[in-house]
Ligand SMILES: [Zn+2]
């Protein structure tokens, strides 16, 4: 009987050695320790032995059963621990790895220039107004002292929506709309898109202006010069100089076109031993139109030109962006070519 138990013990040890999973262990347990298991049957047979043999054999059988139980439990726990360890290693975080960098966009150069211009005027106390893109002829032309037979209308290359409505050709109609609705003093800017039938290296059928105007008692041309000097110096640098050239606009009198010293050659007309191509060797760049608001415009909005005065100006934002960022073709601003945009 003892020999049978020894042989069974060796067999069980072999079977356990061959186990690779909890399922294998369960099969071995049932095969030897189950209700009809081999060891269970041997233990049942102990009762049939001679009384003097029973205690020794019974003890051996029990000891074997305990060993097998312990062995199965130990294997289960070891494997469980190994699985857990494996999981931990698989899920381990390396906190020294650099973070994942998501590509992110940035503001379009045109928007950047527009935002900067608006921020400069707001810091000087100007309020921001917007108006409709589809405008009536009255606000775009008539109220700005451009009657229907005025030659200036031809210069505007207007897009017509219907007989009386157009895509606004400048942001100046916002000036009229603001003045129609409030009394001076007013310091306002009107940034936004404008539309003209024009398309080449320096012209786009849709472009952006910042219109600005200030109306109060005793506003002078000197105030205009002060505001615009601050604007260009903040936009292009403190060394930037201004030059006013007499000009003509129907809605201002007197009118001026305003040049700044060339942002590339600084007014020296030459760079790196060659002539400056940006200012075409003139040393100056045209950037703004401005003037004192025409009495006819004040009358159109119900102001008394004997009492109030004011100045108005308009700056093309594409021009500002091109000069500020060294862009030579206006169309690049609207093609949304990422190879171009990523340079900024
Ligand atoms: Zn230059």
Handout entry: residue 131 vs. criteria touching a helix residue (DSSP H, G or I) at 6+ places or on another chain (Cβ under 6 Å), part of a loop (DSSP other than H, G, I, E, B) and modelled with pLDDT of 90 or more
Key = yes
Handout entry: Residue list for the stretch 107-119, filter: out of contact with any helix residue (DSSP H, G or I) (no Cβ under 8 Å at 6 or more places or on another chain) and farther than 19 Å from residue 331 by Cβ
Key = 115, 118, 119
Practice task
Give just the number: which of (1) under 14 Å from residue 293 (Cβ atoms); (2) crowded, with 20+ Cβ neighbours inside 10 Å does residue 240 not satisfy?
Solution key: (1)
Fill in the blank from the handout: Considering residues that are surrounded by fewer than 18 Cβ atoms within 10 Å (Cβ to Cβ) and modelled with pLDDT of 95 or more, the number found within the stretch 282-300 is 3
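Hey, among 219, 201, which residue is part of a loop (DSSP other than H, G, I, E, B) and within 25 Å of residue 308 (Cβ to Cβ)?
Numbers: 201 fails: within 25 Å of residue 308 (Cβ to Cβ).
Of the residues listed, the single one that is part of a loop (DSSP other than H, G, I, E, B) and within 25 Å of residue 308 (Cβ to Cβ) is 219.
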Exercise for the section: Filter the stretch 271-290 for residues that are more than 8 Å from the ligand (Cβ to nearest atom), over 22 Å from residue 231 (Cα atoms) and part of a strand (DSSP E or B) and give the result. Expected result: 274, 275
Completion exercise
Within the stretch 245-266, the count of residues that are within 16 Å of the ligand (Cβ to nearest atom) and in a strand (DSSP E or B) comes to 3
Completion exercise
Filtering the stretch 111-127 down to residues that are surrounded by 14 or more Cβ atoms within 10 Å (Cβ to Cβ) and in contact with a strand residue (DSSP E or B) (Cβ under 7 Å, 6 or more places away or on another chain) yields 114, 117, 118, 121, 126
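Tell me the residue from 216, 223, 239 that is within 16 Å of the ligand (Cβ to nearest atom) and in contact with a strand residue (DSSP E or B) (Cβ under 9 Å, 6 or more places away or on another chain), please.
Details: 216 fails: within 16 Å of the ligand (Cβ to nearest atom); 223 fails: within 16 Å of the ligand (Cβ to nearest atom).
Result of the check over 216, 223, 239: 239.
Listed here are the residues, each with its yes/no results for (1) in the same structural domain as residue 291 (by TED's automatic domain parsing); (2) touching a strand residue (DSSP E or B) at 6+ places or on another chain (Cβ under 8 Å); (3) closer than 30 Å to residue 332 by Cβ.
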| position | (1), (2), (3) |
| --- | --- |
| 147 | yes, no, no |
| 153 | yes, no, no |
| 162 | yes, no, no |
| 172 | yes, yes, yes |
| 175 | yes, yes, no |
| 187 | yes, yes, no |
| 190 | yes, yes, yes |
| 195 | yes, yes, yes |
| 211 | yes, yes, yes |
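The values are calculated or read from the model by the stated rules, or taken from the named source; none is laboratory data. Owing to the predicted nature of the structure, the values given are computational and were not obtained by experimental measurement. Note: ideal-geometry Cβ built from the backbone for every residue, glycine included; neighbour counts use all protein chains shown.
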